[in-house]
Amino acid sequence: MRKFDTNVQELKYKVLREVARLAKDDRLAEGIPGIPETIVPGPVATMRCCIYKERAIVNERIKMALGGHEEIPGEVEVLPIACDECPVSEITVSDACRGCIAHRCANACPKGAISFVNRGTHTQAHIDHSKCITCGKCVAACPYSAITKNVRPCERACKPGAIKMDEDRKAHISYEKCVSCGACVYQCPFGAIVDKSYITKVVRLLKEAKQEGGAPVYAVVAPSIYGQFSDVTTGQVVSGLKALGFSTVIEAALGADLVAYFEAKELVEKGFLTTSCCPAFVSYIKKNFPKLEQHISHNLSPMAMMAKVIKRAHPECKIVFIGPCVAKKGEQKQERVRDLVDVVITFEELQALVDAYDIDMSTLEDDVLNNASYYGRVFARSGGVRDAVEEVLKELEIKPEQFQLKPVACSGLEECKLALLKANKGVLEENFIEGMACEQGCIGGPGCLTHGPKEKAMVDKYGRLALEKKVKDAVIIFDVLGGADQ
Amino acid sequence: MVKVSICVGSACHMKGAYATTQMFQEALEKAGIADKVDLSASFCMGECKDGPCVRVDGVKFHHVDQSRVESLVTEEILPRTQA
């Protein structure tokens, strides 16, 4: 059974699958007009006012599946026609208001916006929205929880504060603030915010690989893959990737081992550092705390590090990164990454790709995927980089008088913001900020098929399945064979 | 320089490619030809069932576990360094 958390994910998946299928069959141009009807057969509308609007929205999703709008500088876009114009963020009084005598709400209101109206048997609080500044003090004050603050799910999800309502009541993204974390993509209940997809580029690379003299395509997969595909094993996913036409599959977690190794050394040298593996976190620092940019680790991310090592050994190959992350799609476009990684897709898109090629992974044999250490693999969850760097310091026998690690692991941008605010003022006690934009780390990424409390335990379990137990054991090979450096 | 590339992809790694690599380093030094050999990594030679795989100047060798490293060095690599 295929498993998504929400119907929105499934809808997006269907569009990606159809687009990938047409691309595989070289029928994109003639086949695209038929996709909306395939996905919304009618005659009864199930999601919107009518099937024609549903189909029009599918058309917009197709544009995103084909890479979206190049002129838009981020990796996520609002589909205005799909935005349901949720009510404005405002404070409302519900029928739970009993018209009590205390009037804590009115007393708490700094603007005098609350009055009381007669409802027959009792009075009820009433908010004058022309005065209300939505501070939420009345919400906190009411002992009956009768006053609520409604915030649009997209705005609530957007921790950098990049989403606001435009004059047509549609969600609008300010790209000066957006860090492409993709939280809004997963949180919008109408699927009106979507990440750009490069799935057709992958199809093209796989096609070219099959031609004589074509470049082999390597898949680099993020460690959060473990447990993502509910009905198949990770070994079967590896087989599935090879059935798609990938020459081989390599763990990004080995890149993470290398990153931990270099990052620990860099930390000892500099004394204070923030991690650089999460591109949304890096972007958040650059956009909000430019003074701290100098403290961002100079390391490549595990994805880019792994790709660099592979391209040194196989300069002719193409590399597709498959992970839970939307921001990685933007990272791939950076100058120092674009020659290393060729395309980035998510687990969601991988599921679409596998189904477009009619591959039933549950019938395939288990293949192996084992290069990294426990520590490289647990990068996928909050606290993972901290644990790995701590381990490397131990393995390198760094003594406390040389350097003492004081780490803070920030799960989600709100926690990142707190640590960065302190660091910016010079009052942060810790000397190593692990920043992950998604809550729980990469396992909470918007491109994951499922998000749940069990994911952390899954990643830890996956870590324990690693052949190599120490970071040193996983990376020592490159001391002999070369190919890895910062 | 003789080019020796050792596959460290998952399948070969599981079959002991790291031990093979370390063995290679030792055997090359013992034979006194470490400076004449360029050791590097490969991430897949496409023959996962027969790993660990090693390529010497383009020629592939299969099942190169620790026990086969020394003979490979003396029989295949040493003569090439003298050629």
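The values are calculated or read from the model by the stated rules, or taken from the named source; none is laboratory data. Small disclaimer: the values here were computed from a predicted structure and weren't measured. Because the Cβ atoms are built from the backbone with ideal geometry, glycine has one as well, and the counts that use them run over all protein chains shown. To get the accessible areas, we keep the full protein, side chains included, count just its heavy atoms, and leave off ligands, DNA and RNA. Shrake-Rupley method; radii C 1.70, N 1.55, O 1.52, S 1.80 Å.
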**Asked** Are any residues in the range A:391-412 acidic (D, E) and either outside the structural domain of A:L273 (by TED's automatic domain parsing) or open to solvent by less than 40 Å² (accessible area, probe 1.4 Å) (or both), and if so, which ones?
**Response** A:E391, A:E395
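So, of the residues in the range B:22-43 that are within 30 Å of A:V221 (Cβ to Cβ) and not in a helix (DSSP H, G or I), which turns out to be farthest from the other protein chains (Cβ to nearest Cβ)?
B:D38
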**Request:** Starting from the range A:220-231, take each residue that is on the phi > 0 side of the Ramachandran plot and list its partners that are open to solvent by 20 Å² or more (accessible area, probe 1.4 Å), counting only C-beta distances under 7 angstrom and pairs at least six apart or across chains.
**Result:** A:G227/A:M458
**Asked** Is the range A:335-344 home to any residue that is in contact with a strand residue (DSSP E or B) (Cβ under 8 Å, 6 or more places away or on another chain), modelled with pLDDT of 95 or more, buried (at least 24 other Cβ atoms within 10 Å of the Cβ) and closer than 27 Å to A:C158 by Cβ?
**Response** yes
**Request:** Restricting attention to the range B:1-21, report how many residues are open to solvent by 40 Å² or more (accessible area, probe 1.4 Å), within 11 Å of chain A (Cβ to nearest Cβ) and either closer than 21 Å to A:G255 by Cβ or without any contact (Cβ under 8 Å) to a residue 40 or more places away in the chain (or both).
**Result:** 1
**Message:** Can you say whether A:D195 is buried (at least 23 other Cβ atoms within 10 Å of the Cβ) and of a type outside the set (S, T, Y), as far as the supplied structure shows?
**Reply:** yes
**Fill in**
Considering the range A:235-251, residues that are within 11 Å of chain B (Cβ to nearest Cβ) and among the polar types (S, T, N, Q), and then whichever is farthest from A:V475 (Cα to Cα), we arrive at A:S247
**Leading residue by the ranking (farthest from A:R377 (Cα to Cα)) among those in the range A:218-232 that are within 14 Å of another protein chain (Cβ to nearest Cβ) and of a type outside the set (F, W, Y)** = A:A219
**Request:** Identify the single condition in (1) away from chain A (no Cβ under 13 Å); (2) without any contact (Cβ under 8 Å) to a residue 12 or more places away in the chain; (3) in a helix (DSSP H, G or I) that B:I77 does not satisfy, given that it satisfies every other one.
**Result:** (2)
**A:P87 being exposed (fewer than 13 other Cβ atoms within 10 Å of the Cβ) and within 30 Å of A:K131 (Cα to Cα)** = yes
**Request:** Quick one: count up the residues across the range B:24-52 that are under 12 Å from B:V4 (Cβ atoms) and touching a residue at least 40 places away in the same chain (Cβ under 8 Å).
**Result:** 6
**Fill in**
Flagged pairs (Cβ under 7 angstrom, 6 or more apart or on separate chains; first in the range A:13-30, outside the structural domain of A:Q351 (by TED's automatic domain parsing); second open to solvent by 70 Å² or more (accessible area, probe 1.4 Å) and not in a helix (DSSP H, G or I)) are A:V19/A:L66
**Message:** For A:T450, only one of the following conditions fails: (1) under 24 Å from A:G227 (Cβ atoms); (2) open to solvent by 30 Å² or more (accessible area, probe 1.4 Å). What is its number?
**Reply:** (2)
**Hey, B:D57 more than 12 Å from chain A (Cβ to nearest Cβ), more than 16 Å from A:V480 (Cβ to Cβ), modelled with pLDDT under 90 and open to solvent by 30 Å² or more (accessible area, probe 1.4 Å) or not** = no
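From the list A:G34, A:G42, which residue is more than 22 Å from A:E348 (Cβ to Cβ), part of a helix (DSSP H, G or I) and open to solvent by less than 50 Å² (accessible area, probe 1.4 Å)? It would help to see each step written out before you state the result.
Details: A:G42 fails: part of a helix (DSSP H, G or I).
A:G34 is the lone residue from the list that is more than 22 Å from A:E348 (Cβ to Cβ), part of a helix (DSSP H, G or I) and open to solvent by less than 50 Å² (accessible area, probe 1.4 Å).
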**Prompt:** Of the residues A:E365, A:E429, A:E397, which single one is touching a residue at least 40 places away in the same chain (Cβ under 8 Å) and of a type in the set (D, E)?
**Reply:** A:E365
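Restricting the search to the range A:260-275, which residues are in a helix (DSSP H, G or I), of a type in the set (A, V, I, L, M, F, W, C) and out of contact with any Leu (no Cβ under 7 Å at 6 or more places or on another chain)? Break it down stepwise before answering.
Our first condition is that a residue be in a helix (DSSP H, G or I); within the range A:260-275, this holds for A:260-270.
Filter again for of a type in the set (A, V, I, L, M, F, W, C), leaving A:260, A:262, A:264, A:267-268.
Once the filter is applied, which keeps residues that are in a helix (DSSP H, G or I), of a type in the set (A, V, I, L, M, F, W, C) and out of contact with any Leu (no Cβ under 7 Å at 6 or more places or on another chain), the range A:260-275 yields A:A260, A:F262, A:V268.
Conditions tested, residue by residue: (1) assigned to a loop (DSSP other than H, G, I, E, B); (2) more than 25 Å from A:D195 (Cα to Cα).
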residue	(1), (2)
A:E365	yes, yes
A:L393	no, yes
A:E401	yes, yes
A:L405	yes, yes
A:E415	no, no
A:E439	yes, no
A:G447	yes, no
**Message:** If a residue must be open to solvent by 20 Å² or more (accessible area, probe 1.4 Å), more than 16 Å from A:V341 (Cβ to Cβ) and assigned to a loop (DSSP other than H, G, I, E, B), how many such residues does the range A:276-319 contain?
**Reply:** 1
